[in-house]
Amino acid sequence: MDADAVTQASVDSLRKLLRDASVVQASQYFDGQNVTLISDPPDHQLGQVLARYIAMVLLTCEELRIVFKVHFNPEQIRAYRQTKRASDTDLTDKQLVDFMKELSNQMGGRVCRIFDAHQISMGMSVPLCTRGIYEIYADYQAKTGAVTKFGDFWRLEGPFDGIYCSCYVELLGKNDLSNIKAEDEEAQEGELDFL
Amino acid sequence: MSNNNELQASHRVLSMLESACEYNEQILDDIPSVFVVLNQHNRVIRANKAFCDLVGCTMETALHLDFTAFFTSENRDILLHHFSHLRDDSNRDTNARVKLEFAGTSEDQPAKPFFWRIFRLGSVSEAEGQVISMVGDDLSGLYQSELKLMSIFSSIPLGLMVLDSQGRITEVLSEYCHVLLNQRTLIGESLYSILLRSNPDQERELTDAFDLLRECAGQFMPHFGAREAELGRISQLKIEGPSGFEKWIKPRIQPIAKNNTVDRYMVTLEDITASFLAQRQIEKADLLGKQAQALYECAIRDPLSGLYTRLFMNDSISRLIASAKRDNIRELAIVMFDLDNFKSVNDTYGHDAGDRVIKAFGNIIRACTRDTDISVRYGGEEFVLALPCNETHEQGGAIVADRIRAKLADTPIDIGKGQMLRVTTSSGVAYCQKNDTLETLLHRADKYLYVAKHNGKNRVCVETSEGE
């Protein structure tokens with residue numbers, strides 16, 4: 001394979017890895033319920049914000065840098081929490097934000113573990129949450145030309161109605177990363193109820 | 001260990017930044033102005049609570065709305081023009097201000113006037129493109145206040161208008177201007193010409209005043225202040241029209257400053273027709289009063305002697321008698337004078353000489369009596385005095401009568417043509433008693449006068465307490 005083909009294979013692999021990681025971890029986070037990935041959300045147009053809040057983590061290693069974001073509206077999560085526990089009607093936005101920051105943290109953690117399994121040590125930031133117009137990394141379209149960075153976004157549908165995930169990945173080298181795949185990693189034992 | 005510390009520190013800083021970001025977002029959420037951020041396609045990518053309240057949506061549903069859909073097609077074109085201008089990289093403007101109505105979400109919702117400030121935020125991501133933020137302030141309250149103020153302005157009975165530096169009317173702030181100046185069209189007219197038409201007699205004052213306005217235009221405000229008093233000369237002006245239309249106005253002129261120099265003038269026209277007419281009625285009433293007083297004076301005052309006539313005597317002396325009976329007056333004397341040999345004066349020197357004698361005697365009587373005494377020319381050469389007295393000595397009337405007699409006897413009278421004449425008078429004095437009337441008193445005084453005449457004239461005959 002030539003270098004471009006290697007890079008393209010890495011991109012495709014990483015794209016799948018990130019998407020899969022989000023689905024698996026979201027399902028686990030939302031009480032093992034079924035979560036479906038919508039690859040190209042039909043009701044979304046480029047340039048539109050995906051939701052009011054963004055929870056994100058930054059993952060870095062020698063090979064690449066990933067900004068991983070979860071876009072959500074607190075009301076959706078509040079509604080979901082109410083179905084779980086009636087007393088959760090009084091949850092503040094801050095609590096819901098922390099809840100979703102933890103989700104992004106777990107999704108990032110899952111990616112780290114996959115890389116670790118391939119002897120690539122990856123660092124991860126604390127999750128941050130922001131809102132407003134700050135779609136700083138809203139580069140959802142793949143760049144043309146040499147593929148050294150790419151963006152992606154998708155929708156997860158589940159008991160929480162729908163949230164969006166997006167990522168912005170910069171490949172820092174030309175190593176073949178297509179072999180990095182999630183092994184049959186079982187969902188983490190011991191369900192965590194953040195709230 | 002060191003790396004761990006650095007990591008912790010970094011996490012801490014990030015956490016603080018996150019809090020700061022959230023704090024800023026909260027401020028944006030709560031500002032009373034409408035705040036939105038629009039992407040390249042004018043879709044809302046950030047909205048605050050004021051916007052959501054205005055549109056009637058949640059923070060979530062506000063996202064993705066087409067902001068321009070809330071404007072009428074005409075206003076939308078204006079808005080898009082501004083957007084296009086700001087998104088043009090070749091253009092250096094970074095913001096624009098525009099007043100546009102926000103049409104709202106339904107036909108039931110009335111359009112609201114808004115003042116918008118539009119800012120170019122630039123491009124952060126390719127997908128969002130050139131991002132624009134807008135801050136809008138609802139002017140409805142301001143407009144309502146303005147309308148209220150204008151309706152007050154329009155309805156007050158005061159003419160308010162603005163003149164340019166040349167004295168032309170540029171703004172009519174109250175409808176009453178048209179009524180006062182009796183003119184349907186005022187804008188562009190010269191106020192000087194309008195006022196001069198009805199007040200040609202005040203041409204000089206008007207010309208001076210409007211020359212002053214032209215002269216002060218563009219000058220510093222203190223310059224006008226120093227000469228403002230000169231405008232006071234046109235205190236009231238008349239406005240005439242067909243069918244007997246007549247109004248009186250009082251103009252007041254105040255400069256409108258711009259950079260501390262006189263730019264224009266605010267004119268207040270006060271309708272003083274009512275007060276002017278009332279003043280005229282008062283003056284008329286005063287004149288009538290004076291005329292009536294003069295007529296009355298003629299009726300009660302003898303022009304020759306300057307003393308009262310019998311018309312006045314009846315009432316006034318009757319009142320004194322009544323007062324004396326109530327013991328308010330200790331003593332009331334009635335003195336009746338008669339000039340001695342007056343007929344021969346007339347016959348010898350003529351009636352003119354007789355008149356001079358009457359006049360001179362009147363002067364002597366007035367000089368010898370007080371304001372409280374009543375002096376009357378009773379007939380031809382007969383005079384009556386009513387002398388109220390509260391002093392302790394008795395027969396004050398007799399004293400006064402004798403004083404007058406003596407004074408006349410000692411005073412030579414110029415009867416004209418270089419001739420001087422000495423004249424004497426006789427008098428009878430009667431004192432008011434409990435059952436007296438004017439007639440009885442006069443009758444008794446006349447009786448004593450007769451005695452005085454009979455006893456040789458130039459003397460005073462006084463009633464004694466025994467009535468002799």
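The values are calculated or read from the model by the stated rules, or taken from the named source; none is laboratory data. Since the model is a prediction, treat every value here as computed from it, not as a measurement. Virtual Cβ from ideal backbone geometry, glycine too; neighbours counted across all protein chains shown.
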For residues in the range A:34-59 being surrounded by fewer than 16 Cβ atoms within 10 Å (Cβ to Cβ), among the polar types (S, T, N, Q) and out of contact with any Phe, Trp or Tyr (no Cβ under 9 Å at 6 or more places or on another chain), which is nearest to the other protein chains (Cβ to nearest Cβ)? A:45
Which of the residues spanning the range B:153-179 are assigned to a helix (DSSP H, G or I), hydrophobic (A, V, I, L, M, F, W, C) and touching a Ser or Thr at 6+ places or on another chain (Cβ under 9 Å)? B:153
Of the criteria (1) in contact with a strand residue (DSSP E or B) (Cβ under 6 Å, 6 or more places away or on another chain); (2) farther than 20 Å from residue B:423 by Cβ, which one residue B:314 fails: (1)
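One line per residue, one yes/no per condition, for (1) on the phi < 0 side of the Ramachandran plot; (2) surrounded by fewer than 17 Cβ atoms within 10 Å (Cβ to Cβ); (3) charged (D, E, K, R):
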site	(1), (2), (3)
B:213	yes, no, no
B:222	yes, yes, no
B:245	yes, yes, no
B:259	no, yes, no
B:272	yes, no, no
Evaluate the range B:298-318: report whether one residue or more is closer than 15 Å to residue B:415 by Cα and not hydrophobic (A, V, I, L, M, F, W, C). yes
Filter result for residue B:51 (farther than 24 Å from residue A:96 by Cα and in contact with a strand residue (DSSP E or B) (Cβ under 7 Å, 6 or more places away or on another chain)): no
Residue B:434: passes all of (1) at negative phi; (2) over 60 Å from the mean Cα position of the chain (by Cα); (3) charged (D, E, K, R) but (2)
Can we say residue B:80 is under 54 Å from the mean Cα position of the chain (by Cα) and either in the same structural domain as residue B:120 (by TED's automatic domain parsing) or in contact (Cβ under 8 Å) with a residue 40 or more places away in the chain (or both)? no
Number of positions in the range A:162-195 that are modelled with pLDDT under 85 and polar (S, T, N, Q): 2
So for the range B:143-150 (the condition being buried (at least 16 other Cβ atoms within 10 Å of the Cβ) and either over 30 Å from residue B:179 (Cα atoms) or more than 14 Å from chain A (Cβ to nearest Cβ) (or both)), does at least one residue qualify? no
Residue among A:116, A:90, A:98 that alone is at pLDDT 90 or above, away from chain B (no Cβ under 14 Å) and more than 14 Å from the chain's Cα centre (by Cα): A:116
So which pairs qualify, if the first residue must be in the range B:201-215 and closer than 18 Å to residue B:239 by Cα, the second must be of a type in the set (Val, Ile, Thr), the Cβ gap must be under 9 Å, and the two must be at least 6 apart or on different chains? B:202/B:234; B:205/B:234; B:206/B:234; B:209/B:234; B:209/B:253
In this structure, is residue B:201 closer than 28 Å to residue B:53 by Cα, away from chain A (no Cβ under 14 Å) and modelled with pLDDT of 85 or more? no
Of these, B:335, B:345, which one is β-branched (Val, Ile, Thr), over 17 Å from residue B:389 (Cα atoms) and surrounded by 14 or more Cβ atoms within 10 Å (Cβ to Cβ)? B:345
Residue by residue through the range B:114-148, note down the ones that are part of a helix (DSSP H, G or I) and among the acidic types (Asp, Glu). B:146
So how many residues does the range B:13-41 have that are assigned to a helix (DSSP H, G or I) and more than 9 Å from every other protein chain (Cβ to nearest Cβ)? 9
Show me the helices (runs of 4 or more DSSP H) entirely contained within the range B:42-113 in which 3 or more residues are crowded, with 18+ Cβ neighbours inside 10 Å and more than 14 Å from chain A (Cβ to nearest Cβ). B:49-55, B:73-87
In the range B:114-129, residue surrounded by the most Cβ atoms within 10 Å (Cβ to Cβ) [restricted to those that are out of contact with any helix residue (DSSP H, G or I) (no Cβ under 7 Å at 6 or more places or on another chain) and more than 14 Å from every other protein chain (Cβ to nearest Cβ)]: B:114
By residue number, the members of the range B:221-262 that are among the β-branched types (Val, Ile, Thr) and touching an Asp or Glu at 6+ places or on another chain (Cβ under 9 Å) are B:234, B:239, B:249, B:253, B:256
